[in-house]
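Presented below is the structure to which this report refers.
Derivation of every value follows stated rules applied to the coordinates shown; laboratory data play no part. Computed from a predicted structure; not experimentally measured. Cβ placement follows ideal geometry from the backbone for every residue including glycine, while neighbour counts extend to all protein chains displayed.
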Amino acid sequence: MATTTIEERQRWNTLHKNGPFPLKFFLTTKLEKDVSGLSPFEKYKDAALEIQQLIKQAADTHERFRAIGSKWSMSNIAHCEDRMHLNSFMNLKFSIFEGEMHEDSDFDHGNLFLFQCGNQIKEISLYLERIGKSLKTTGASNGQTIAGCISTGVHGSTIDVGSVQDYVVGLNLITGPNPEDNVYLERKSGPALRDTYFQNLGAKIIRDDEIFNAALVGLGSMGFIHGVVIEVENLFLLRRYVKKIDKAEALKLADTLDFTNFDPKIPDADFKGVRPFHYKVFMNPYNTGESQYPVEFIYKIKYYDDYKADFGNPIPFQKEFVYLDLIYLFIKIAQKLPKSIPKLIKMLKSSILPKEEKTTVGKLSEIFWDAGYQGKAFACSFGVDHTQSSKALELLAKLTRENPVPGIFAMRFIKKSEATLAFSKFPFTCMVEIDGIQWDDHKKIISLKEYSRKMIEVLKNNNIPFTLHWGKNADWGFPGLVEHMFGDGVKKWKKVRGNLLSVPMQEVFSNDFLDVTKLSEPLGPDEDLIV
Amino acid sequence: MFFPQFLSITFKHLKFETSTLKAFRMRFLKIVLCFCVVSIMASCYSVRFQVENGQWEPADTEREDAYAGYNVHTLDTVVTRKLTTGDHYFNISDCPSGALHTVEYRSTFGGILLNAITFGRHKQVKIKYVCIKENSM
């Protein structure tokens, strides 16, 4: 049997120390050992039964239960006060064979894999690379679990690919303690696996586009994500180059995403008129006289074995970490003297911004490698239609100059997601984000909650439709926030949640985040009919 | 401690132990102490090795350093070498994957001193290591 250790706790915190939050029990499940003689499929089935037992325990004691991955989210979306479950050790991996494919499937079986929830992005990439495959995109780093990524909509800046959830083709959810509460979801319009595949694992098959799309970005509240079937692609290389370009040009490219007449002038390469795989603009809000912005261009190129001989190892031999005590000293100064923030940002510029004018070539997992900073951090991230990206950036930067906080802005771009509550809801969403070092509340500096409230207000007052990154800091209790962002999508999401989870299970899989955003409130009988 | 005693003898011989000299001596003592502290601090260092193609074993901790999110094991001991003993090694038995992701060794002033004054008989060993996550390979 898979075994779970249950540890009594007083508190829990995110990786970037955005808490602490109160907690009663911390649970960790480990799979049955190989010596047991169980096959990987038997271990998977066994783990599902263990999770169902844990859900039953929570329900019986009227407590909430929440799976967490690598706790990278900075909002409290991963937290629940009763029982938190670390799923990182549930990391089985399965290739899909031809005979396991659905008869109407258009997918290539060689590109489909089933990963158990706790597989982290780095281990998935390493596993795939050994067989010549690659994920389509990741976030800026590699520590998150696959279930955590899709639950919160982790994204990179891959203009024509989308976010992590956008290459998911199947979801295995455990929605309660009973045998019928093990379900496997696929889109009706995109079947992938033969029914018997998951039936043999004890799951009921549901093929429905609306249910699948709602469950995809489920905010950890559509049940326990046990397994994820994803589509990958053949290994490719990325050619990364950072340079400063004219501010007007950088913003024009952001607003249009039209690269047909643009030449990035990258040494020893001709990418004139080529739309990059990834486009990212950095901006220091305190440097208003800046005529150029640092911009990161990444182009997709064909994979070949000897790329390190031509370009060197993209992973540095010697990795340097920012001296945390120094950063924290800067923040202490910033709290007492907010006017010093622009100067502090200028001093830290070389540590914050990427090195310019240096070509790096590597696999996806090498370009978006281990995070260099794991101390206290905050991030506020807004999704806007890319055509309004420069306007949104200017408004938010102006607000930041008026209320200085220790961070810098960046803009990343993502293709529209089909997930009901994906923040990448525009045809091409520009994520305008400010990342920086967390500060303590102090009378001389604006609080993070107030700052993020003002950010929401400024976009609303200027009629810029927006979304917010679920895993980042925001004033999540802002009245009518989620409805403002997603409109009828909220009702659709709640309706599916009501269909997948019984009323007691909706309570088990709720948390403070869901309560504050009012997503835990079920639909009224009339609303249910309208959707 | 060596420098203040030496100074004290020198000043006694010269019979110049006035209040100004006392203040000077205190200041000198402080400088020497600072120098010693800086020397000791500078002689403490750690070196970390990490594999680039492996998944670290995760842990839910409240660390804020480079090991945040890593399950860190520590080995802190003093090895006593016998006259007939040559090199020795430690068996790491708490990595279920059987592989290491990170190893860090730490050198301290105390450790170097211990080794020196015991003519290499006692050796301080301070190691941190992180395993590769089980089933990740």
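With a Förster radius of 60 Å, plug the Cβ-Cβ distance of A:Lys343 and A:Thr196 into 1/(1 + (r/R0)^6) and report the FRET value to the nearest 0.05. Once rounded, the FRET efficiency stands at 0.40.
When each of the peptides A:266-273, A:219-226 is scored by the mean number of other C-beta atoms lying within 10 Å of its residues, the order from highest to lowest reads A:219-226, A:266-273. If a spin label sat at a point 7 angstrom from the Cα of B:Val51 along the line to its beta carbon, the backbone N atoms of region A:103-120 nearer than 17 Å would be those of A:120.
What is region B:44-131 by shape, rounded, prolate or oblate, if you read a ≥ b ≥ c off the alpha carbon gyration tensor as root eigenvalues and call it rounded for a/c under 1.5, prolate for a/b larger than b/c, and oblate otherwise? Prolate is the answer for region B:44-131, as a/c is 1.5 or above and a/b outweighs b/c. Mean projection of the Cα convex hull over all viewing directions, computed for region A:117-195: 6.7 nm². Straight-line cross-link reach from B:Lys126 at under 16 Å between alpha-carbon atoms covers these aspartates and glutamates, not counting any fewer than eight positions away in the same chain: B:Asp76, B:Glu104. Relative to the current alpha-carbon distance between A:Asp270 and A:Val458, full extension at 0.36 nm per residue lengthens the span by 63.6 nm.
Among the listed pairs A:Lys247/A:Lys491; A:Lys188/A:Lys449; A:Lys247/A:Lys460; A:Lys349/B:Lys133, those with a Cα-Cα distance over 32 Å are A:Lys247/A:Lys491; A:Lys188/A:Lys449; A:Lys349/B:Lys133.
Across the protein assembly as shown, counting alpha-carbon atoms alone, Rg and Dmax equal 27.9, 104 Å.
Taking a threshold of 31 Å on the Cα-Cα distance, which of the pairs A:Lys376/A:Lys494; A:Lys252/A:Lys343; A:Lys302/A:Lys472; A:Lys265/A:Lys454 fall above it?
A:Lys376/A:Lys494; A:Lys302/A:Lys472; A:Lys265/A:Lys454
Candidates A:Gly227, A:Ile245, A:Phe212 compared by Cα position along the dipole of region A:212-263: farthest toward the positive end lies A:Ile245, with charges placed on Cβ.
Roughly what % antiparallel, to the nearest 5, for the DSSP beta bridges in region A:3-234?
Here the antiparallel bridges make up roughly 75 percent for region A:3-234.
Measuring between their Cα centroids, region A:336-406 and region A:1-67 lie 35 Å from each other. By how many degrees, between 0 and 90 and to the nearest 10, does the Cα long axis of helix A:247-256 differ from the longest principal axis of chain A? Computed tilt is about 30 degrees.
One chain, two ends: A:Ala140 and A:Ile6. Fully extended at 0.36 nm per residue, the span grows by 45.0 nm beyond their Cα-Cα distance. Here the scattering of region A:373-446 is modelled by Debye summation over its C-alpha atoms, one equal scatterer each and no solvent; at q = 0.16, 0.25 Å⁻¹ the log10 of I(q)/I(0) is -0.65, -1.09. For A:Ala379, the shell of other residues with beta-carbons less than 15 Å away shows a net charge of +4, using +1 for Lys and Arg and -1 for Asp and Glu.
Projected label points at A:Asp104 and A:Thr288, each 7 Å from Cα along the beta carbon direction, are separated by 6.0 nanometres. About its Cα centre, the dipole of region A:484-530 is roughly 200 debye, where the only charges are +1 on Lys and Arg Cβ and -1 on Asp and Glu Cβ. Among the residues of B:66-77, the average count of other protein chain beta-carbon atoms within 10 Å of the residue beta-carbon is 3.
Need the C-alpha centroid separation for region A:150-185 versus region A:227-295, integer Å. Cα centres, region A:150-185 to region A:227-295: 28 Å. For the residues of A:126-136, the average number of beta carbons from a partner chain within 10 Å of their own beta carbon is 1.
Antiparallel beta bridges, as assigned by DSSP with both residues in chain A, represent about 85 percent of the total such bridges.
Highest average first, the peptides A:409-419, A:338-348 ordered by how many other beta carbon atoms sit within 10 Å of their residues are A:409-419, A:338-348. Quick check: the angle from helix A:40-60's long axis to the longest principal axis of chain A, C-alpha only, nearest 10 degrees? So the helix axis and the longest Cα principal axis differ by about 90 degrees. Taken residue by residue and averaged, Cβ atoms of other chains lying within 10 Å of the Cβ of B:56-65 number 6.
About its Cα centre, region A:3-234 has a charge dipole of approximately 980 debye under the convention of +1 per Lys or Arg Cβ and -1 per Asp or Glu Cβ, with nothing else charged.
Here is the short version for the protein assembly as shown: A:Cys80, A:Cys117, A:Cys149, A:Cys380, A:Cys430, B:Cys34, B:Cys36, B:Cys44 have no other Cys C-beta closer than 4.7 Å.
For the listed peptides A:192-198, A:437-443, a ranking on the average number of other beta carbons within 10 Å per residue, highest first, reads A:192-198, A:437-443.
In terms of the Cα gyration tensor, with a ≥ b ≥ c the square roots of its eigenvalues, is region A:484-530 rounded because a/c is under 1.5, prolate because a/b exceeds b/c, or oblate? Judged from the Cα gyration tensor, region A:484-530 comes out oblate (a/c at least 1.5, b/c at or above a/b).
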